[in-house]
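This report concerns only the one structure given below.
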Amino acid sequence: MVGAERPLGLVPTMGALHAGHLALVERARAECRTVAASIFVNPLQFGPNEDFDRYPRAFKSDVAALRAAGVDLIYAPGVAAMYPPGFATSVDPGPLAERYEGALRPGHFRGVATVCVKLFAALGPDRAYFGAKDAQQVAVLRRIVADLDLPIELVIAPTVREPDGLALSSRNVYLDAEQRAAAPALHRALAAIVAAVRSGETDRERVVARGRAELIAPLREAYLDVVDPATFDAPDAVRAPALAIASAWLGTTRLIDNEPILRQAQDDGGGM
Ligand code: AMP
């Protein structure tokens, strides 16, 4: 952004803002002279049978919340401006984008990578703020920033949760009362995995089994594993750095969450 006081921080979002998004804005506000937020429900990262059409949209209240949080610039392009006729180029993040979330959502991370590169190009931020909740998205973005030599620093903020442990998500509005009551079991499964490793268990399958015992009906597991947070490789023996990742269905809604288990000594504790 020409003329903006630097550093310029960008908080990319799909709107339907909650306290998790606003924590990113707050972090950016504390660290940057100028803060921009984008609101764009990106069709490229939704599969044909996913919830693009019904994804919650709350533009007016989002703008009010961002203004109140001290955002200097809101960038909310339309789909036709982002992807005009003839649009054909995309960013392929490689094999990392085909595992776990990528396996369940083919093309999802290509969509995420492409829109983020476009947002970075449009606004030219020095830093971009993302949530640890979307851990594989973070890994993909670190990969593309490194691989494409993008002159931007990624800042990752910890996951904001409800008091019962459920990670805040714009999709939580899809849950009915019974599903909402069951949802915290996803985080309990992650906590059980962390506890198993901290008690000395290193066999990945046994560790994951401890978490699986918490994933009871009506939750249906999509995946539960312990991975390297940078590559999403899953070695048989758990070793640092290690991240517990989980996803489960509640009806037609799929929730995701993760919890760091073993950090590398030089990590700053930023939630990843
Ligand atoms: P979304 O609007 O879902 O694309 O999310 C925009 C940004 O907010 C992404 O970087 C997400 O990782 C982050 N985010 C979403 N939920 C949370 C949460 N509960 N805590 C922290 N960050 C979050």
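Residue check: is ALA196 in a loop (DSSP other than H, G, I, E, B) and either farther than 27 Å from LEU22 by Cα or at pLDDT 95 or above (or both)?
Details: in a loop (DSSP other than H, G, I, E, B): no; either farther than 27 Å from LEU22 by Cα or at pLDDT 95 or above (or both): yes.
Considered against the rule, which asks whether it is in a loop (DSSP other than H, G, I, E, B) and either farther than 27 Å from LEU22 by Cα or at pLDDT 95 or above (or both), ALA196 comes out as no.
Can you name the number of the only condition in (1) within 17 Å of the chain's Cα centre (by Cα); (2) open to solvent by less than 40 Å² (accessible area, probe 1.4 Å) that LEU22 fails?
LEU22 satisfies all of (1) within 17 Å of the chain's Cα centre (by Cα); (2) open to solvent by less than 40 Å² (accessible area, probe 1.4 Å) except (2).
Residues are listed down the side, and each one gets a yes or a no for (1) exposed (fewer than 14 other Cβ atoms within 10 Å of the Cβ); (2) not in a helix (DSSP H, G or I):
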{"site": "ALA189", "(1), (2)": "no, no"}
{"site": "GLY200", "(1), (2)": "yes, yes"}
{"site": "PRO218", "(1), (2)": "no, yes"}
{"site": "ASP257", "(1), (2)": "no, yes"}
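Within region 144-198, count every residue that is closer than 29 Å to GLY111 by Cα, touching a residue at least 60 places away in the same chain (Cβ under 8 Å) and in contact with a helix residue (DSSP H, G or I) (Cβ under 6 Å, 6 or more places away or on another chain).
4
For region 156-176, does any single residue satisfy the condition of being farther than 24 Å from THR34 by Cα, near the ligand (Cβ under 10 Å from one of its atoms) and surrounded by 21 or more Cβ atoms within 10 Å (Cβ to Cβ)? Break it down into steps so the answer makes sense when it comes.
Pass one, region 156-176, residues farther than 24 Å from THR34 by Cα: 161-176.
So of that shortlist, the ones also near the ligand (Cβ under 10 Å from one of its atoms) come out as 161-162, 166-172.
Those still in the list that are surrounded by 21 or more Cβ atoms within 10 Å (Cβ to Cβ) too: 167, 169.
Yes, region 156-176 contains at least one residue that is farther than 24 Å from THR34 by Cα, near the ligand (Cβ under 10 Å from one of its atoms) and surrounded by 21 or more Cβ atoms within 10 Å (Cβ to Cβ).
Name the single residue that is nearest to the chain's Cα centre (by Cα) among those in region 158-187 being polar (S, T, N, Q) and assigned to a helix (DSSP H, G or I). Spell out how you get there, then give the answer.
Initial filter on region 158-187 (polar (S, T, N, Q)): 159, 169-170, 172, 179.
Subsequent filtering for residues that are assigned to a helix (DSSP H, G or I) retains 170, 172, 179.
Numbers: SER170: 12, ASN172: 14, GLN179: 21 Å.
For region 158-187, the residue satisfying everything is SER170.
For region 1-59, give me each residue that is near the ligand (Cβ under 9 Å from one of its atoms) and among the β-branched types (Val, Ile, Thr).
Passing the criteria: VAL11, THR13, ILE39, VAL41.
Can you tell me how many residues in region 26-45 are touching a residue at least 60 places away in the same chain (Cβ under 8 Å), open to solvent by less than 30 Å² (accessible area, probe 1.4 Å) and in contact with a strand residue (DSSP E or B) (Cβ under 7 Å, 6 or more places away or on another chain)?
Counting residues in region 26-45 that are touching a residue at least 60 places away in the same chain (Cβ under 8 Å), open to solvent by less than 30 Å² (accessible area, probe 1.4 Å) and in contact with a strand residue (DSSP E or B) (Cβ under 7 Å, 6 or more places away or on another chain) gives 4.
Which members of region 124-144 meet the condition of being open to solvent by 10 Å² or more (accessible area, probe 1.4 Å), in a helix (DSSP H, G or I) and over 20 Å from ASP257 (Cβ atoms)?
ARG143
Residues are listed down the side, and each one gets a yes or a no for (1) aliphatic (A, V, I, L, M); (2) closer than 19 Å to LYS133 by Cβ:
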{"site": "ARG29", "(1), (2)": "no, no"}
{"site": "VAL41", "(1), (2)": "yes, yes"}
{"site": "ASP53", "(1), (2)": "no, no"}
{"site": "PHE59", "(1), (2)": "no, no"}
{"site": "GLY78", "(1), (2)": "no, no"}
{"site": "ALA81", "(1), (2)": "yes, no"}
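Residues of region 202-216 being of a type outside the set (S, T, N, Q), open to solvent by less than 80 Å² (accessible area, probe 1.4 Å) and in contact (Cβ under 8 Å) with a residue 12 or more places away in the chain, which ones?
Within region 202-216, the subset of a type outside the set (S, T, N, Q) is 203-216.
Now drop any that are not open to solvent by less than 80 Å² (accessible area, probe 1.4 Å), which leaves 203-204, 207-209, 211, 213-215.
The answer is ASP203, ARG204, VAL207, VAL208, GLY211, ALA213, GLU214, LEU215.
For region 69-88, give me the residue count where each residue is closer than 29 Å to THR34 by Cα, of a type in the set (A, V, I, L, M, F, W, C) and either open to solvent by 60 Å² or more (accessible area, probe 1.4 Å) or assigned to a loop (DSSP other than H, G, I, E, B) (or both). So that I can check it myself, show each step before the final result.
Residues of region 69-88 closer than 29 Å to THR34 by Cα: 69-84.
Remaining after also requiring of a type in the set (A, V, I, L, M, F, W, C): 69, 71, 73-74, 76, 79-82.
Going one step further and asking which of them are either open to solvent by 60 Å² or more (accessible area, probe 1.4 Å) or assigned to a loop (DSSP other than H, G, I, E, B) (or both), we end up with 69, 71, 76, 79-81.
Selection size over region 69-88: 6.
List pairs: first residue in region 89-101 and closer than 18 Å to VAL227 by Cα and open to solvent by 30 Å² or more (accessible area, probe 1.4 Å), second residue part of a helix (DSSP H, G or I) and not β-branched (Val, Ile, Thr) anywhere in the structure, Cβ distance under 9 angstrom, at least six positions apart or on different chains.
Sorted first by the residue in region 89-101, then by its partner, the pairs are PRO95/GLY102; GLU98/PHE109; ARG99/GLN136; TYR100/GLN136.
If ARG110 satisfies every condition in (1) in contact (Cβ under 8 Å) with a residue 24 or more places away in the chain; (2) farther than 30 Å from LEU190 by Cα; (3) charged (D, E, K, R) but one, which is the exception?
(2)
The values are calculated or read from the model by the stated rules, or taken from the named source; none is laboratory data. These numbers come from a predicted model, not from an experiment. All Cβ positions, glycine included, derive from the backbone under ideal geometry; neighbour counts span all protein chains shown. In case anyone asks, the SASA skips ligands and DNA or RNA and just uses the protein heavy atoms, side chains included. Shrake-Rupley method; radii C 1.70, N 1.55, O 1.52, S 1.80 Å.
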